[in-house]
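Some notes on the structure that comes next.
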Amino acid sequence: MRPSRSSRRTPILASRRTPVLASLLLALTSASFADAGPSQASSPGHCARQDRLRVPGAAHQGTACLGDLTTSGLAGTPYTDMADQAGLAAGGTRNPSGVPGIQIDGYFPDDSRLNATHGLHHDSQFVIRLPDRWNGGLVVTGSPGTRRQYATDALISDQVLAQGYAYAATDKGNTGPDFFTDGRRPGDAVAEWNRRVTELTLAANRAVRQRYGHGPARTYMTGISNGGYLTRWQLENRPELYDGGVDWEGVLWTSRGPSPLTSLPVTVARTLGRAGDEELITAGFAPGSRFLWPYHEKVYWGLTQKIFRAEFDPSYDPGCPGASAGSSPEQIFAVCPSDADYDLASRPPYVRRALAKVALTGRIGKPLITLHGDLDTLLPISQDSDVYRRMIDGRGRAALHRYYTVEGGTHTDGLYDTHPDRLRPILPCYRSAFAALTGWVEDGAAPPADRTLRRPAGGDTVNSCPLR
């Protein structure tokens, strides 16, 4: 089955990954800290009450009073990791800056050691940012892929901080391509992701209360890829903690499929020359995404299939990937030949039980906006968000959901720089969706009906995407 806790390996990547390797890892993917949004009457002065901040449940924390909490001010400091953000945003993306406040970094009790950030070699690390000028809200997210807590600083943190929100992010409790070695039973590592988000949400709420004198009036959950999955799960299972969420191409896990374990095996077969283009199209990959297939074959497909199959079904091929997914790009992205023949439907009941721990149902309890690109070549839209929309409808929750297909959108906006004539970044659409969510929740302004956001012929598609 899986390695015992005592046999878990140390992280295979240094705490400062190369930008190229960090970008590839989206496929899924100190020890002591130094101590411009909307104006609100409740906001204290610069870094006021810093000495009162104690994150409930944290085993370690450090606070820092900073002149700018955005990536513009934090780049090159220990308070963000630019390498872990590599490949997520298109070049030319404009981000706000100049948001002073307090940053809290730390970790919750955990016995896995995959996250080497700050030299701590401790999982369940988090970051909480509390701007001086607070609008009364809190935004929570979990890292995409197998990345860490700073991965969405430029995608999410900068924008919401500039709007006055407090911000909290978690590494999900295990990171890197060896994340599947965490936990005692199949499915435990991914199940921990959900628990860690809930834990951080509750703790961040208390930290906000300590900083500003009262808790947040609104709390929003959001995320991209695995972070989008976390958003869906939280709104289904912990809706009382949130007022709404935005799901950016979240992963769909169901106990019997569809899921990555039903769409990705054919990509391994194609890599090995045992399947062709038509088999991929039959499996749900968009015909128009063919120009992206060579890149995904080298970067995403084999890695994603092998590590998630190892997480949920380790007995299928215990020797691949074994105790580690690898220590070099060649090893990490090597294909496990047996995964070309993987058939979820024929696997024993324990696999479905493992998937059931993390499966989605569509029973959301708070407003949710979903965005997904029609050229997503890791999570094909027809096997993911199209299905999730039907699941929500089947649960009678359609009134709580809006679904926007982004024409020309793919899994990572960084690919836009290579194919600006064919792709469209999703980030500006995401920012429009977040504004629509807050208007929906706070002002009762219902967002537009489900629609496809057409790729415009001109204009600044990197920074503009109206929903109407």
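The values are calculated or read from the model by the stated rules, or taken from the named source; none is laboratory data. Computed from a predicted structure; not experimentally measured. With ideal geometry, Cβ positions are generated from the backbone for all residues, glycine too; neighbour counts draw on all protein chains shown.
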- Query: Quick one: is Gly284 at pLDDT 95 or above, in the same structural domain as Arg363 (by TED's automatic domain parsing) and farther than 17 Å from Pro177 by Cβ?
  - Reply: no
- Message: As an exercise: evaluate Arg389 against (1) over 30 Å from Leu467 (Cα atoms); (2) modelled with pLDDT of 95 or more and give the number of the one condition it does not meet.
- Response: (1)
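Matching residues to (1) of a type in the set (A, V, I, L, M, F, W, C); (2) at positive phi; (3) part of a loop (DSSP other than H, G, I, E, B):
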| residue | (1), (2), (3) |
| --- | --- |
| Ala354 | yes, no, no |
| Ile364 | yes, no, yes |
| Gly408 | no, yes, yes |
| His411 | no, no, yes |
| Leu423 | yes, no, yes |
| Cys429 | yes, no, no |
| Pro447 | no, no, yes |
| Pro456 | no, no, yes |
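Matching residues to (1) at pLDDT below 95; (2) surrounded by fewer than 24 Cβ atoms within 10 Å (Cβ to Cβ); (3) over 30 Å from Arg347 (Cα atoms):
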position	(1), (2), (3)
Tyr150	no, no, yes
Asp153	no, no, yes
Phe180	no, no, no
Asp188	no, yes, no
Ala191	no, yes, no
Gly227	no, no, no
Glu240	no, yes, yes
Gly244	no, no, yes
- Pull up region 148-162, narrow it to residues that are assigned to a loop (DSSP other than H, G, I, E, B) and out of contact with any Pro (no Cβ under 7 Å at 6 or more places or on another chain), then point me to the one that is farthest from Ser432 (Cα to Cα). Arg148
- Taking the residues in region 201-225 that are under 30 Å from Thr410 (Cα atoms) and over 13 Å from the mean Cα position of the chain (by Cα) as candidates, determine which candidate is surrounded by the fewest Cβ atoms within 10 Å (Cβ to Cβ). Thr201
